[in-house]
1. Across region 49-74, what is the number of residues that are in a loop (DSSP other than H, G, I, E, B), in contact (Cβ under 8 Å) with a residue 40 or more places away in the chain and within 28 Å of the chain's Cα centre (by Cα)?
2. Would a scan of region 205-221 turn up a residue that is in contact (Cβ under 8 Å) with a residue 24 or more places away in the chain, under 13 Å from the mean Cα position of the chain (by Cα), over 14 Å from residue 143 (Cβ atoms) and crowded, with 19+ Cβ neighbours inside 10 Å?
3. With the structure loaded, tell me whether residue 36 is closer than 25 Å to residue 406 by Cβ and of a type outside the set (A, V, I, L, M, F, W, C) or whether it fails that test.
4. For the structure I just gave you, tell me whether residue 369 is over 23 Å from the mean Cα position of the chain (by Cα), closer than 17 Å to residue 269 by Cα and not in a loop (DSSP other than H, G, I, E, B).
5. Can you work out which of the residues in region 334-355 that are modelled with pLDDT of 80 or more and polar (S, T, N, Q) is farthest from residue 278 (Cα to Cα)?
6. Residues that are surrounded by 12 or more Cβ atoms within 10 Å (Cβ to Cβ), at pLDDT 90 or above and touching an Asp or Glu at 6+ places or on another chain (Cβ under 6 Å): does region 439-461 have at least one?
7. Among the residues of region 267-282, write down those that are touching a residue at least 60 places away in the same chain (Cβ under 8 Å) and farther than 21 Å from residue 394 by Cα.
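The values are calculated or read from the model by the stated rules, or taken from the named source; none is laboratory data. Computed from a predicted model, the values in this text were never measured in an experiment. Here Cβ is always computed from backbone atoms with ideal geometry, including for glycine, and neighbour counts include all displayed protein chains.
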Amino acid sequence: MMGMQESDKDLFLYNVNLDQRVRPDHPLRRVAQTIDFTFVRTEVAHFYGKKGNVSVDPVVILKMMFLLFFDDIASERELMAIIPERLDYLWFLGYGLNDPIPNHSVLSKARKRWGKEVFESFFVRTVVQCVEAGLVDGRKVHVDSSLVDANASKDSVLKSSPELIAAVKKAYGAQESKLENSSTPEGYEAVNDRMVSTTDPDAPVVRKSGDSARPRYHQHRAVDDAQGVITAVETTPGTIAEDSKLMSLLEQHKANTQSAVETVVGDNKYGTTKNFVACQQQGIRAHLGDVLRQQNHEHHRAGIFPDSAFTYQPQSNTYLCPAGQVMKPRRVHPQKRTWEYQLPKAACGACHLRSQCTRAKVYGRTIQRHEHQELLEQGRTQAHSVAARRDRQRRQILSEQSFGDAANNHGFKRSRWRRLWRQQIQDWLIAGIQNIRLMLRRMGRGPHNAAAVVALFAQMSDAATSLRAFCYPTYPGCFWWQPGPMRRN
């Protein structure tokens, strides 16, 4: 006999257990079993008073922001509309079927009250937990960066004189982009000195290949070589160059993982003189793309002696040219930190090898030598090794996969909110969620899951379990619990 569904609504609901309505292998159930969000109560306790209205539980607020990026929900308003319709969301947040859902403004008020440090702590704790799960080796990292479209249209960009733009930025309290870290070449007027977005003044106007110029941010991240765990994240205005953040990413990686970097892998954007020297000074192998070699190749002229044809004499700090003339140091470049060696104009002009040495009509050939030339050559030698080329091929997989996953699954390529500090919150949340998903995927769904082991031990009458908190001195108050060794009574 064919059945027919009755559409009458029940007036009362009894014995509705949401825990039974969420399947055992649901992703949110695995997140709840593995991750403890209650650390946030300790982090934000000083922002709340002892009297007055009772706020929404900070744990619930953090979980809501987690869901916002975990499932890439379009907006906070939409999230609040979806929560009553999703039994798994209600179960994850600890709500019942008839519990009221807070207004979406609760999330924006919490971000403003808490600041960005709480979300940085969230990201760092995911790194710590991945370290404890054995997913981080720490000795080799891959660095890369990606532009993120700000939550501001091109029509919001105001163009005017540098003086007026500077006054507008000061009125908005816009984040300054330091000149030494900017990608604007020295000697050129920065384009953003003449324009500013009135919607998001922290986001400078940046052009991306294949796309027009618009307000953008820059996210820099370090990815561990072992399993692709994101160990360091830094968000800057879009004009900040990638190579300027290499060493700060390595320092953040060391602080988060308690492991020193032995090898760093990056593309040509990171292979600058400054980075090669800095890596050698810290004992780090620089498997970076050599931008110097690319520049020299572009400016190479057939029939001209290469720099290697000039012999350096360390005793006298001079160079010997192919004609046997001694080239003495003339000056040190203040930014590049390189010595310039040149012969007198008369000596170079009468040389019979002049046509093979330079195309200059007045002055002779100039040789430049960095003040740490030995370290620079050592770093460039490492960059041209077979191992370096192999690592850069692997970097294309790890880094691109990391950014691609963030863009496809968590809304990485577009800012949800405005201003730099809010963009930093978004990037920390997305990177932390990616680490959590990676950890759950590596742990598997079987009985080897840590939460399943805890449940199994709890059912044994003749054994007890102990829980231990993995805390690093840099981040006290860590409440990310993991199962410890079993002890007999």
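1. Adding up the residues that qualify gives 1.
2. yes
3. Yes: the conditions hold for residue 36.
4. Working: over 23 Å from the mean Cα position of the chain (by Cα): yes; closer than 17 Å to residue 269 by Cα: no; not in a loop (DSSP other than H, G, I, E, B): yes.
For residue 369, the condition - over 23 Å from the mean Cα position of the chain (by Cα), closer than 17 Å to residue 269 by Cα and not in a loop (DSSP other than H, G, I, E, B) - is not met.
5. Applying the filter and picking the extreme gives 342.
6. no
7. The answer is 273, 277, 280, 281.
Yes/no per residue for (1) outside the structural domain of residue 109 (by TED's automatic domain parsing); (2) farther than 30 Å from residue 263 by Cβ; (3) of a type in the set (Gly, Ala, Ser); (4) at pLDDT 90 or above:
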| position | (1), (2), (3), (4) |
| --- | --- |
| 318 | yes, yes, no, no |
| 332 | yes, yes, no, no |
| 406 | yes, no, yes, yes |
| 418 | yes, yes, no, yes |
